[in-house]
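What follows is one structure encoded as structure tokens, with my remarks underneath.
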Amino acid sequence: MARKLKTYQTSLGFFEQAIAAPSMKAALEAWGADSNLFHQGAAKESTNPDVIAATMAKPGVVLKRPVGSDGPFGEHAELPKNLDQGERKKPAPKPSAKAKKSSAQPDKAADRKAAQAYEREQQRREREEAKEEAARQKERERRQHAVAKAQAELDKAEREHAERAGAIRDEAEALEKKSQAEEARWEKEKERLDEALRRARD
């Protein structure tokens with residue numbers, strides 16, 4: 001069964017953010033907060049009927065508006081226009097007792113519908129994250145495959161080089177032996193011919 005949604009509100013950077021979520025923990029996760037903003041006093045459950053209506057219309061979606069603005073929340077918001085001015089905005093008018101009463105007792109069918117919409121948004125976000133993770137995993141595998149292929153080619157080239165270098169060394173050793181044998185043969189042959197030359201002169 002889908003849990004009843006509540007509207008939570010915080011200020012992060014240049015924006016106020018609001019979301020309809022089943023718990024404070026779910027709101028913090030959607031905001032991407034790495035600390036408990038509720039314990040720090042930087043976030044709260046909203047009782048503003050306009051904010052509640054906006055978030056319940058798009059449960060699970062983080063809505064924004066410029067800090068200090070009393071305008072409506074939306075999925076996209078422009079930066080505050082008075083960043084370099086020291087102006088203070090007029091406080092938003094307090095909701096009437098009638099509005100508070102109507103927002104405090106929302107229709108059960110609307111609650112159920114909003115909770116189901118939140119679940120759908122949560123599932124969509126999870127599918128998107130799973131899709132992105134699958135793409136990252138595919139890219140990691142592609143890189144690992146490319147690295148393994150390059151490493152295999154390097155290993156093969158090193159083996160071929162070692163074999164060729166070994167064959168060249170073997171040929172060089174064989175030539176050295178032939179050269180030494182030829183020198184020894186020539187020394188003997190030269191001695192014989194020198195001796196024959198001396199005898200001929202005598």
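The values are calculated or read from the model by the stated rules, or taken from the named source; none is laboratory data. For clarity, every value in this text was computed on a predicted model and none was experimentally measured. Positions of Cβ are backbone-derived with ideal geometry, glycine not excepted, and every protein chain shown enters the neighbour counts. Note: accessible area is taken over every heavy atom of the protein model, side chains too, but ligands, DNA and RNA are not part of it. Shrake-Rupley method; radii C 1.70, N 1.55, O 1.52, S 1.80 Å.
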>> Could you go through region 27-47 and let me know if any residue there is in contact with a Pro (Cβ under 9 Å, 6 or more places away or on another chain) and either buried (at least 20 other Cβ atoms within 10 Å of the Cβ) or not in a loop (DSSP other than H, G, I, E, B) (or both).
In response: no
> Can you name the residue in region 36-58 that is among the aliphatic types (A, V, I, L, M) and in contact with a strand residue (DSSP E or B) (Cβ under 8 Å, 6 or more places away or on another chain) and, of all such residues, is nearest to E75 (Cα to Cα)?
Replying inline: A54
> Taking region 124-144 on its own, how many of its residues are over 20 Å from V62 (Cα atoms) and in contact (Cβ under 8 Å) with a residue 40 or more places away in the chain?
Replying inline: 0
> Residues of region 12-53 being within 25 Å of E129 (Cα to Cα) and small (G, A, S), which ones?
Replying inline: G13, A18, A20, A21, S23, A26, A27, A30, G32, A33, S35
> Of these, E121, E133, which one is open to solvent by less than 70 Å² (accessible area, probe 1.4 Å), under 30 Å from A26 (Cα atoms), assigned to a helix (DSSP H, G or I) and among the charged types (D, E, K, R)?
Replying inline: E121
>> Among the numbered criteria (1) of a type outside the set (F, W, Y); (2) surrounded by 17 or more Cβ atoms within 10 Å (Cβ to Cβ); (3) at pLDDT 80 or above, which one does S69 miss?
In response: (3)
>> Being at pLDDT below 85 and of a type outside the set (K, R) narrows it down to one residue among E132, E87; which is it?
In response: E87
> Is at least one residue of region 9-22 open to solvent by 60 Å² or more (accessible area, probe 1.4 Å) and in a strand (DSSP E or B)?
Replying inline: yes
